[in-house]
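> Starting off with a structure, shown below.
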Ligand SMILES: C[S@@+](CC[C@H](N)C(=O)[O-])C[C@H]1O[C@@H](n2cnc3c(N)ncnc32)[C@H](O)[C@@H]1O
C-alpha cells in the first residue's frame, strides 16, 4: 500500500527547514544538564561553550541529530535540542514584557487566528506574539504589526528573522501608532482579526472597529483589572461590537515522579487578562441583558491613573534597548546564514 509522506516533509513553509534535521552551524541549541539547568547557544564552526564545569566544543554537535546527549571536556553531560517556540520567546533578546506562551496559545484559539487570515497587531514589543501569529496564519496570511518605538521594532524584526531563518513573507512591520495609521494601510472592513497588546488599547478601538470585517474578532491583552474595565467600556461604547468576554489563564505545572505526584511549588500566577469581542454588521446594535445603570464613565481622576508608572510598566533604558536590538540582529544574521546554506532535506 502506498504511503503518503508529503504532509510530514513540507519544507516550503517558511521556517520549516530550520526546525528539522541534524544540527547545523547557526542553529540555536538548548543545552540541559542532569539538574535541568538550561543554556542556549548558537552553533558556530570552531566555537566553544565554556562554563566553570568545562568546555563543550560546538563541532562535536554540528552534524549530530537533535536530541543527542553530549559530554563536555570534564564529563558533564547535556541533552541538546533546538528550542521550541515557547522556549525561544522566553530566551530571545527583549525590551518589553513578552506575551507568555500560555497566553499566546489562548489568543490564537480564542481569537480564531486561521491559516490565510488577514490580521493586525499592536504593539510589537519584542515580537513574541508576532511569531505565534505568523505561525498560525502561515505563508498565505497577512500580518501587519504596528510599533511606535523604533528600538522595539528592530528587536522584534531580529527575533522574527531568527525564529523563521529569515524574513517571513506574510509579515509587514509598520513603524507608528496603530490608532493613527491603521486606516492608511488597511481598507475599512477588510481585516479578519485584531490583536492589541499595549497600555491603552481603548485608544485603538474605533480604528480597529472600522478596519474589521463583520464577524471579525478583536482581542486585547492587558495586565491590570483597571485596564480591563476601561477597554470593556470602550468596546461597549463604540457600539460596533458584541458584548465583550473576559478571562485569564493559569497554568500550573505538576511534579510527577513515582508516588510524589503533586502540583509544582512555584507557578507564574499572573501575566495578563484577555478580552475579546466580535464586529457586528453595520446597522446592527449590541444585544445584552438590560442592567441597572452603573458607573461606567471614567472621571478625570481615573484617566490620570492610567500612566505607565501607575500601571507598573517598567521604564526600559535606551541603552538596554539598543543592546537588545544589536543582539537580536546578530542572532538573525546567523540564522539567515544557516537558512541560506541549509540543505532542506536535512541530509
Ligand atoms: C507589552 S509590549 C508588546 C509585547 C509583544 N506583544 C510581545 O509579545 O513581544 C507593548 C508595546 O506596544 C507599543 N505600543 C503602545 N501603544 C501603541 C500604539 N498605539 N501603536 C503601536 N504601538 C504601540 C509599545 O511601544 C510597546 O513596545
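> Which percent of the Cα-Cα distances in segment 139-250 go past 15 Å? Please list the in-between numbers first.
Working: 4208 of 6216 pairs.
So the portion of pairs separated by more than 15 Å is 68 percent.
> Pick from 231, 261, 98: which is most flexible by mean-square fluctuation in a GNM of the chain where alpha carbon atoms under 10 Å apart are linked?
Comparing 231, 261, 98 in a Gaussian network model of the chain, the most mobile one is 261.
> In whole angstrom, and with the biggest value first, how far do the Cα coordinates of segment 222-296 range along each principal axis?
Between the extreme Cα coordinates on each principal axis of segment 222-296 lie 61, 26, 21 Å.
> I've got another one for you. Report the residue, chosen from 177, 27, 103, that carries the largest GNM mean-square fluctuation when the chain is represented by alpha-carbon nodes joined by springs under 10 Å.
Per the Cα network of the chain with a 10 Å cutoff, 177 tops the list.
> What distance in nm separates the two pseudo spin-label positions at residue 250 and residue 52, each 7 Å out from Cα along the beta-carbon direction?
Reported label-point gap for residue 250 and residue 52 is 3.7 nm.
> Against the empirical 2.2 N^0.38 Å scaling, what ratio does the C-alpha Rg of segment 198-237 come to? Mind dumping the intermediate values first?
On the way: Rg = 10.1 Å, N = 40, 2.2 N^0.38 = 8.9 Å.
Rounded to two decimals, the normalised Rg is 1.13.
> Can you compute the FRET efficiency between residue 326 and residue 203 using 1/(1 + (r/R0)^6), with r the Cβ-Cβ distance and R0 = 35 Å? Round to the nearest 0.05. Numbers along the way, then the final one.
On the way: r = 31 Å, r/R0 = 0.89.
Efficiency computed from Cβ-Cβ geometry: 0.65.
> Now a separate question. Quick one: 66, 147, 154, 48, fewest Cβ neighbours within 10 Å first, how do they rank? List each step's numbers first, then the result.
Working: 66 17, 147 28, 154 23, 48 13.
With the fewest neighbours first, 66, 147, 154, 48 line up as 48, 66, 154, 147.
> Roughly speaking, what is the centre-to-centre gap between segment 13-68 and segment 185-258 when only Cα atoms are used, to the nearest Å?
38 Å
> Which percent, nearest 5, of DSSP beta bridges in segment 64-177 are antiparallel? Spell out each step's value before the answer.
Working: 3 of 13 bridges.
Rounded to the nearest five, the antiparallel share is 25 percent.
> Considering just Cα atoms, how many Å³ per residue does the convex hull of segment 14-83 enclose? If you can, show how the numbers build up before the last one.
Working: hull volume 5.3 nm³, N = 70.
Output value, Cα hull per residue: 76 Å³.
> Continuing with the same structure: Working from Cα positions, state the angle (0 to 90°, nearest 10) between the long axis of helix 101-110 and the longest principal axis of the chain.
50 degrees
> In the Gaussian network model of the chain, springs joining C-alpha atoms below 10 Å, which of 176, 158, 63 carries the largest mean-square fluctuation?
Per the Cα network of the chain with a 10 Å cutoff, 63 tops the list.
> Could you check what % of the DSSP bridge pairs in the chain are antiparallel, to the nearest 5? Please list the in-between numbers first.
Details: 29 of 49 bridges.
So the antiparallel bridges amount to about 60 percent of the total.
> Residue 33 to residue 286: FRET efficiency via 1/(1 + (r/R0)^6), r the Cβ-Cβ distance, R0 51 Å, to the nearest 0.05? Mind showing how you got there, number by number?
Working: r = 55 Å, r/R0 = 1.08.
Computed FRET efficiency for residue 33 and residue 286 comes out at 0.40.
> Counting helices only, and only those DSSP H runs with n ≥ 4, report the 222 nm mean residue ellipticity of the chain as the sum of -39,500 (n - 2.57) divided by its residues, in deg cm²/dmol to the nearest 500. It would help to have the intermediate numbers written out before the result.
Numbers: 9 runs with 101 residues, N = 347.
Calculated from helices alone, the mean residue ellipticity at 222 nm is -9000 deg cm²/dmol.
> For residue 237 and residue 71, compute 0.36 nm times the residue count separating them, minus their Cα-Cα distance, and round to one decimal in nm.
53.6 nm
> Still on this structure, please answer the following. Enumerate the whole-percent occupancy of each 10 Å bin, from 0 to the last occupied one, for all C-alpha pair distances of the chain.
5, 21, 29, 24, 14, 6, 1, 0
Coordinate-derived values only; no laboratory data. This is a predicted model, so every value here is computed, not measured. For neighbour counting, all protein chains shown are included, and Cβ atoms are generated from backbone atoms with ideal geometry for every residue, glycine included.
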